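Enquirer: For reference, the structure I am asking about is given below.
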Amino acid sequence: MEPMAHHIEEGYEAQEAGGAKPPFPWFAQEFFAHAVADILRTDATSFDQMKMYQDSTQKGPYAPFADHDEWELAQWLIKTVNQHATNEFLKLPIVSHRSDLLT
């Protein structure tokens with residue numbers, strides 16, 4: 001039996017028998033007696049800032065997109081099509097007349 005495993009088994013046996021807990025694995029030590037960091041400021045997270053902006057402007061969660069479908073289209077364009085092709089797509093009259101993104 002390895003010394004570490006033997007020590008752990010003895011610790012469990014001692015605890016089950018009502019004896020004192022050995023220092024391992026129930027050993028804890030405070031490493032830092034003083035503060036290790038200073039809080040410079042507290043601020044809203046990026047998510048909180050976005051949520052406050054959406055609430056203040058009365059825009060939906062997909063802003064600046066009109067709805068979920070328009071957001072999915074933009075996501076697909078970014079993942080699938082290069083920048084030049086995306087720009088050409090957005091210039092098409094069927095797209096530009098239906099979208100508030102280009103205004």
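Enquirer: Name the residue that is nearest to the chain's Cα centre (by Cα), counting only residues in the range 32-50 that are modelled with pLDDT of 85 or more and surrounded by 10 or more Cβ atoms within 10 Å (Cβ to Cβ).
Expert: Restricting to residues being modelled with pLDDT of 85 or more and surrounded by 10 or more Cβ atoms within 10 Å (Cβ to Cβ), the top hit is Asp48.
Enquirer: Can I ask one more? In the range 60-87, which residues are over 21 Å from His97 (Cβ atoms), more than 22 Å from the chain's Cα centre (by Cα) and not in a helix (DSSP H, G or I)?
Expert: Result: Asn82, single match.
The values are calculated or read from the model by the stated rules, or taken from the named source; none is laboratory data. Keep in mind it's a predicted model, so treat the numbers as computed, not measured. Counting neighbours? That spans all protein chains shown, and the Cβs are built from the backbone with ideal geometry, glycine included.
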